[in-house]
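Beneath this line is the structure, given in structure tokens, with notes to follow.
The values are calculated or read from the model by the stated rules, or taken from the named source; none is laboratory data. Because the structure is a prediction, the values reported are computed rather than measured. Positions of Cβ are backbone-derived with ideal geometry, glycine not excepted, and every protein chain shown enters the neighbour counts.
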2 protein chains.
Amino acid sequence: MSRIAYFGPVGTFSEQAARMFAQGENLVPVETIPAALSAVREGEAESACVPVENSVEGPVTATLDGLAEGSPLVAVAEVLLPVHFTVLVRPDVDTIRTVASHPHALAQVRHWLERNLPDAETVVASSTAAAAVGVCDGEYDAAVTAPAAAETYPLKVFAEGVADVPDARTRFLLLSPPGSLPEPTGADRTSIVAAAANRTGSLAELLTELALRDINLTRLDARPVKGNFGVYRFFLDFEGHIAEERVGDALAALRRRCEVRFLGSYPRADGARPVERDTAAEERFVSAARWVQAVRNGELA
Amino acid sequence: MSRIAYFGPVGTFSEQAARMFAQGENLVPVETIPAALSAVREGEAESACVPVENSVEGPVTATLDGLAEGSPLVAVAEVLLPVHFTVLVRPDVDTIRTVASHPHALAQVRHWLERNLPDAETVVASSTAAAAVGVCDGEYDAAVTAPAAAETYPLKVFAEGVADVPDARTRFLLLSPPGSLPEPTGADRTSIVAAAANRTGSLAELLTELALRDINLTRLDARPVKGNFGVYRFFLDFEGHIAEERVGDALAALRRRCEVRFLGSYPRADGARPVERDTAAEERFVSAARWVQAVRNGELA
């Protein structure tokens, strides 16, 4: 039976996301994002479920750096998970003096805590689930957790749907080694990482290659290359699937310019379809290539 | 025996150019540039020799307009002819009172005439050779002609090497119907005419498609489309041959954006080779296309 490794333990947002991806696979919690990627690279799991960006907190750098290096992994699916927290307490708690959670979670409920638990001290835990475990063990009085934790731990729900930003979301990817790609659906996203030359205009050139093919960028993150501050990698997400002519053509153009690693073409969780201008229509790519061939053969002009 | 139609009569720069193109063909003078193009289109000649631009006077609009419309013709060769005029007079001439020539020729010797024949009246003729014929017939006293005219007409050379701009040149094209293209030489030029959409940025997009492939533009002329003032056609000359991957790729990109007519890939008369950046190397085009195919097949990432 195939396995999905996820950034555990059970009861985290990652587990919720992994359940959304699962089609009968075993879910295997591992301790860190790099460990989830390694599990796939070393054959201990067939795929990994990891967060890649949060609409409030930004990119998940452990995932980005982990995808840029090591043997290639390719995203085959994404989910968008609303980030509404549940605050769990021990059933016998009287006064809440300490509230624990992962730092990203604490950052996203700061205002709620100020209003609702102004006297509680916040304590950092390694994950939202670890905070819940700490509450069970009597270490803390309360934990800010994923909704899934309420089903996992013998704790009492103090508050649900907690979020400073009501529509915060985290995007998760399901990653596998290169293999057959998901079929294009017409509402796809392609992710790459590009190591552009460190000279004037090199990023502008990459973006122009996409713009000229009417390919809409959906995300751009610049990350310094480890041990080489001042040299950057660009993580680009854009509309479309590599199976499309215009996307394949754009990827070839980027590849001519710099090192490019393909990080996947997969259906968008939001189902948004690109607005395609006429010049980027598939049919134009095919007919223009045919015209060049006919001109080369001296048949047309 | 095959024929080259040229903008005659004999004794013109066009005849000189046609002789440079000729490899045993019969040279057939015709009265106008459109007539030279028609001769090829209607099968009366296999090719046509016509001027396309002069380094002082600019584009030869009759040639450009004639190539943009009607059945396609493709340049298979070019020559650059230094434009030094010869002034011919009747052997019995006493005082030079009138000097005749084609308006372009008169424009290019204006200063010389002011200095050397300040009292002579200038008269417009339909070609430099027609001016020489007029001198023979006693219509004018002197003619500003191509050097070739001295060999053709029974006239006396009054001055040679006459030119206000010492390095003026005219570029001539040898045009044929589409057929087998000249082999790439490494120092080639490609000519096209493109009808870009009448909206902001459309020309910039065409030029960016070339620039991103490190293709250097050698000429750009914008000509209003007949009967549609405000709508322009762009005549572009650039380095390279359509047989090259980067040039074929650029032409496909232009063709996706607008109507493009191919006007030929042919060896440059000046033998100048393009400066090619690494990103435009043939090998990069081939390897990038292979990479995309392998990623599509799920073999690489």
Next item on the list: May I ask you to verify whether residue B:170 is of a type in the set (Ser, Thr, Tyr), closer than 30 Å to residue B:96 by Cα and crowded, with 20+ Cβ neighbours inside 10 Å?
Entry: yes
Notebook entry, point to check: Do the conditions hold for residue A:233, that is, is it touching a residue at least 60 places away in the same chain (Cβ under 8 Å), within 23 Å of the chain's Cα centre (by Cα) and under 24 Å from residue A:200 (Cα atoms)?
Noted result: yes
Notebook entry, point to check: Tell me, which residue of the range B:62-91 that is of a type in the set (Gly, Ala, Ser) and in contact with a helix residue (DSSP H, G or I) (Cβ under 8 Å, 6 or more places away or on another chain) is surrounded by the most Cβ atoms within 10 Å (Cβ to Cβ)?
Noted result: B:66
Next item on the list: Would you please name the residue that is surrounded by the most Cβ atoms within 10 Å (Cβ to Cβ), looking only at residues in the range B:213-234 that are aliphatic (A, V, I, L, M) and touching a Lys or Arg at 6+ places or on another chain (Cβ under 8 Å)?
Entry: B:215
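Go through the range B:274-285 and report how many residues are within 8 Å of chain A (Cβ to nearest Cβ) and acidic (Asp, Glu). Explain how you work it out, then say what you get.
The initial filter retains those residues of the range B:274-285 that are within 8 Å of chain A (Cβ to nearest Cβ), namely B:279-280, B:284-285.
Checking the rest, the ones that are also acidic (Asp, Glu) come to none.
Qualifying residue count, the range B:274-285: 0.
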Notebook entry, point to check: Quick check: anything in the range A:251-273 more than 10 Å from chain B (Cβ to nearest Cβ), surrounded by fewer than 18 Cβ atoms within 10 Å (Cβ to Cβ) and under 23 Å from residue B:214 (Cβ atoms)?
Noted result: yes
Next item on the list: Would you please name the residue that is farthest from residue A:248 (Cα to Cα), looking only at residues in the range B:247-287 that are outside any helix (DSSP H, G or I) and of a type in the set (Phe, Trp, Tyr)?
Entry: B:266
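Here are some residues: A:181, A:210, A:155. Which one is in contact with a Cys (Cβ under 8 Å, 6 or more places away or on another chain) and crowded, with 18+ Cβ neighbours inside 10 Å? Explain how you work it out, then say what you get.
Working: A:181 fails: in contact with a Cys (Cβ under 8 Å, 6 or more places away or on another chain); A:210 fails: in contact with a Cys (Cβ under 8 Å, 6 or more places away or on another chain).
Result of the check over A:181, A:210, A:155: A:155.
Quick one: which strands (runs of 3 or more DSSP E) sit completely within the range A:131-228 and have at least 2 residues that are within 14 Å of chain B (Cβ to nearest Cβ)? So that I can check it myself, show each step before the final result.
Details: elements: A:142-145, A:156-162, A:169-176, A:188-195, A:217-225.
Ranges flagged: A:169-176, A:188-195.
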Notebook entry, point to check: Name the pairs whose Cβ atoms lie under 8 Å apart, with the first residue in the range B:286-301 and within 7 Å of chain A (Cβ to nearest Cβ), the second among the β-branched types (Val, Ile, Thr) and in a helix (DSSP H, G or I), and 6 or more positions between them or separate chains?
Noted result: B:301/B:295
Next item on the list: Starting from the range B:8-22, keep only residues that are on the phi > 0 side of the Ramachandran plot and assigned to a helix (DSSP H, G or I), then list their pairs with residues that are at pLDDT 95 or above and surrounded by fewer than 24 Cβ atoms within 10 Å (Cβ to Cβ) whose Cβ atoms are within a distance under 9 Å, requiring at least 6 positions of separation or different chains.
Entry: none
Check: Of everything in the range B:40-61 that's of a type in the set (Gly, Ala, Ser) and modelled with pLDDT under 95, which residue is surrounded by the most Cβ atoms within 10 Å (Cβ to Cβ)?
Finding: B:55
